[in-house]
Amino acid sequence: MTYLLLFRSLRLHIDEAISKLLTQAAPALLVVTALAGLTGWLVAGRILRPIRTISGTANQLSAENLSERIPVRQPTDELATLAATINSMLDRIQHGIAERDRVLNSQRLFVANAAHELRTPLTTMRTAIDVTLDGEPDRAELVAMAGDIATAVETSQRTLDGLLVLARSQAGPPRRTPVDLAAVAAAAVADAADRAANGAVTLQADLQPAPASGEPVLLERMAGNLLENALRYNHAGGHVTVTSGTAKGHAFLRVVNTGPPVTPDEERRLFEPFVRGTGNGNRGAGLGLSIVRAVVIAHDGEIFSTARPTGGMDIAVQLPPALAAPPSV
């Protein structure tokens, strides 16, 4: 009986203590809970703020507006690294779109120029026919008309040949075989000898071995166009010097010619399609040097041009060395 009373008294004291503790601790527990919730909200907001910034920037981007960038905060953490990665990706996308627009604009201009170049000789032929056949032409008038048409056809053929070579050189990497630029240049010099003599232009060659790799037909056209350009934009009593060799492990072909002065703006545009110089005999299709550049690019080479102070141009082509022959089995 005594133990039972003692147990009941002890249990009563414990219940009172717990009740008292809960009554006194409840406000503190509520305060701690509120502070914990507020702290968690603030911390979550601080963590999620960069993510909201990234999302907001992404929503502002479009094909017409790729200039927005995500601020990269300090110190650098995972989110800052993510922001820097996204900015780098946006830079590449913007550069790619700008390059695409440049290529599309260049292609539109090329197509327009090609159409104009092909339409001009057709207009010449149509005019010659209409004017000659307007009355009762005699033999002399018919012969003159035939001459005008032949000239227009020749112009169209040069333009079409140039367009085909240009398209071929831009189609992709050519078939590579060992080629000596000295031999290619020697053939071009031999073909141009008569034209140089007829124009009273001195043609000199210093051709050292220049082993390279490439497609012979395209490289022959490249060398021929360089020489044709050097002779076309020259003057009586002028000269053309052709040299070849190796420098720093690369094969090179260099053509230097006299001629009319070339302005910096003309020099920048000479390698664009359908751009003609202002010198003598500028009846070409305006594709010669653009073909040279396309062939050089297709062969992973480089082209360097300098307008000479006394007139004329100094153009050098540099190609990678010849591919090593596979080992014999």
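Figures for the structure shown
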quantity	calculated
Segment 232-270 - residue that is of a type in the set (A, V, I, L, M, F, W, C) and open to solvent by less than 20 Å² (accessible area, probe 1.4 Å) and, of those, farthest from residue 308 (Cα to Cα)	251
Residues that are hydrophobic (A, V, I, L, M, F, W, C) and either open to solvent by 40 Å² or more (accessible area, probe 1.4 Å) or touching a residue at least 60 places away in the same chain (Cβ under 8 Å) (or both), drawn from segment 211-227	212, 217, 218, 219, 222, 226
Among the residues listed as 148, 134, 130, the single one being modelled with pLDDT of 80 or more, open to solvent by 70 Å² or more (accessible area, probe 1.4 Å) and assigned to a loop (DSSP other than H, G, I, E, B)	134
Filter result (touching a helix residue (DSSP H, G or I) at 6+ places or on another chain (Cβ under 7 Å) and within 16 Å of residue 318 (Cα to Cα)) within segment 182-204	184, 185
Residue that is under 24 Å from the mean Cα position of the chain (by Cα), modelled with pLDDT under 70 and either loosely packed, with under 10 Cβ neighbours inside 10 Å or assigned to a helix (DSSP H, G or I) (or both), where the choices are 87, 113	113
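The values are calculated or read from the model by the stated rules, or taken from the named source; none is laboratory data. This is a predicted model, so every value here is computed, not measured. Here the Cβ is made from the backbone with ideal geometry for all residues, glycine too, and neighbour counts use every protein chain on show. Quick note on the areas: whole protein, heavy atoms, side chains included, nothing else; ligands and nucleic acids left out. Shrake-Rupley method; radii C 1.70, N 1.55, O 1.52, S 1.80 Å.
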